[in-house]
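Following: one structure in structure tokens, then a few remarks.
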Amino acid sequence: MKKKNNSGLNAEIKNNHMQQLADYREETLRPHPELRSLFLEITPFCNEHCLHCGSRCGDIDVSGMLTKDEIITALKQVKRDFNIKRMRLCVTGGEPLLRPDFFEIMDAANRLGFGWGMTSNGTLIDKEAAKKLAETGLRTVSISVDGLKETHEWFRQSPGSYEKTIEGIKNLLEVNISHVQITTVVYHKNIGELDAMYEEFKKVGVRSWRVINIEPIGRARENADLMLSKDEYIKMFDFIRDKRFESKMEVTYGCSHYLGTDMEREVRQWYFLCNAGVYTASIMYNGDIGGCLDIERRPELIQGNIRTDNLKDVWENKFVNFRNDFRKTGKCADCPDYKFCAADSFHTWNFDTMEPNLCMKGILF
Ligand code: SF4
Ligand code: SF4
């Protein structure tokens, strides 16, 4: 079967585009990074216990959690020091809605003028919560659904959660949140359900479905049997490519991984560029400042703490290793794709072996 060409671009044009992006990364973005996405980990607590959780919610030391006042003070400083009209505040957890003062914080953020979005498991979004979310200015929301009912609940160790999650999505659609997206982590046990999920989610009425592969990080590293095989990766990417614009529900891949010339632009609307530390920073539940919440929390990757440091100072003067080529080593050192890939996503990098935990070379190209 002939592969769909969603982008309408041939290899030569794609390579030209990727070269332009690589030049932009080196000449503009790394020397002059611009904070466009600020992640706020509002709580480490979660009411689910996912087998793949990248941040190991529930297993971590939760002492020193930021208070409401500390978060609002930090947001005021961000407003003072950055152009928040060009920035998106992305609230995440744990499960954000578990935080008792969640709506007070988000109301304050809204009044300060932040455009904000949220990731959630959806289980706590009843009609009342959906209404309050709309009133506090929620613009974009991504809800996790990791399979059909049985697989989803097993993966998230959360019996009875599937219906609540779907109900939560419907409640968000009812109050007209402008962008409601489902995110699915694909792993060994749910890859056979992709077609059935596609039909289910279309019926729910969402317009966007983000499909991403499980990553060998966080809790998932202890569950090696969940990882996809080479054939399963290919199956997942072919699925996204085939379904991408087939209905009103757009199917898309996430920011993870350089995919090689053939697949780049066929499964997402942009070329690969890891935003960590060049467009993206994060404030963790305890105030630590990092590049992206999906990155392993090692001391050498924590850039400061919002309690003691000014985010603008940290953004302008730290983040050095996010803006250089220190990962051009091991198998990446002589890779001809390095110019486009730059050692792939930061979250996939193994800082012990100094090689990527997962790379699509040898799988997709
Ligand atoms: S570290 Fe991973 S999740 Fe974060 S911006 Fe980079 S590719 Fe995306
Ligand atoms: S070997 Fe490194 S540079 Fe080459 S494609 Fe893989 S991650 Fe990217």
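Every read-out reported here was derived from the displayed coordinates using simple, explicitly stated rules and does not represent laboratory data. All values derive from a computational prediction rather than experimental measurement. All Cβ positions, even for glycine, are placed from backbone atoms using ideal geometry, and neighbour counts span all protein chains on display.
Using a Debye calculation, one point per C-alpha and no hydration shell, please list log10 I(q)/I(0) for region 171-288 at q = 0.11, 0.14, 0.17, 0.23 Å⁻¹ in order. One equal scatterer on each Cα of region 171-288 leads to -0.44, -0.71, -1.00, -1.36.
Summary value for the chain: 20 percent relative contact order, contacts being C-alpha pairs under 8 angstrom separated by 6+ residues. Only DSSP H runs of four or more residues enter the estimate; each adds -39500 (n - 2.57), and after division by the residues of the chain the mean residue ellipticity at 222 nm equals -8500 deg cm²/dmol. Placing +1 on each Lys and Arg Cβ and -1 on each Asp and Glu Cβ, with no other charges, gives the chain a dipole about its Cα centre of roughly 1000 debye.
For region 93-197, the C-alpha radius of gyration sits at 1.11 times the compact-globule guess of 2.2 N^0.38 Å, with N the residue count. Considering every alpha-carbon pair of region 259-362, the percent of pairs per 10 Å bin, from zero through the bin containing the longest distance, is 14, 43, 30, 12, 1. A compact globular protein would have a Cα radius of gyration near 2.2 N^0.38 Å; the ratio found for region 123-180 is 1.16. Given the options ILE13, ILE283, ILE143, state which has the largest fluctuation in a GNM of the chain using a 10 Å cut-off (strictly under) for Cα springs. Taking springs between Cα atoms under 10 Å, the residue moving most is ILE13. The ranking of ILE125, ILE191 from fewest to most other beta carbons within 10 Å of each one's beta carbon is ILE191, ILE125. Legend: Rg and Dmax of region 1-154, from Cα coordinates, 19.5, 58 Å.
Cβ crowding within 10 Å, taken as a proxy for footprinting-reagent exposure, orders GLU70, GLU296 from fewest neighbours to most as GLU70, GLU296.
Taken over the alpha carbons of region 221-315 as equal point scatterers, the Debye sum produces base-10 log I(q)/I(0) values at 0.12, 0.22, 0.25 Å⁻¹ of -0.58, -1.06, -1.19. Plainly put, region 155-240 has a radius of gyration that is 0.99 times its Kirkwood radius, both from alpha-carbon atoms, as the Rg/Rh ratio.
Return the Rg/Rh ratio of the chain with Cα-based radii and a Kirkwood Rh. On the Cα set of the chain, Rg over Rh gives 0.94.
Look at SER208, SER247, SER63, SER120 and count the other Cβ atoms within 10 Å of each Cβ; fewest to most, that gives SER63, SER247, SER208, SER120. Of the DSSP H helices in the chain, none is both long (alpha-carbon extent of 30 Å or more along the helix axis) and hydrophobic (Kyte-Doolittle mean at least 1.0).
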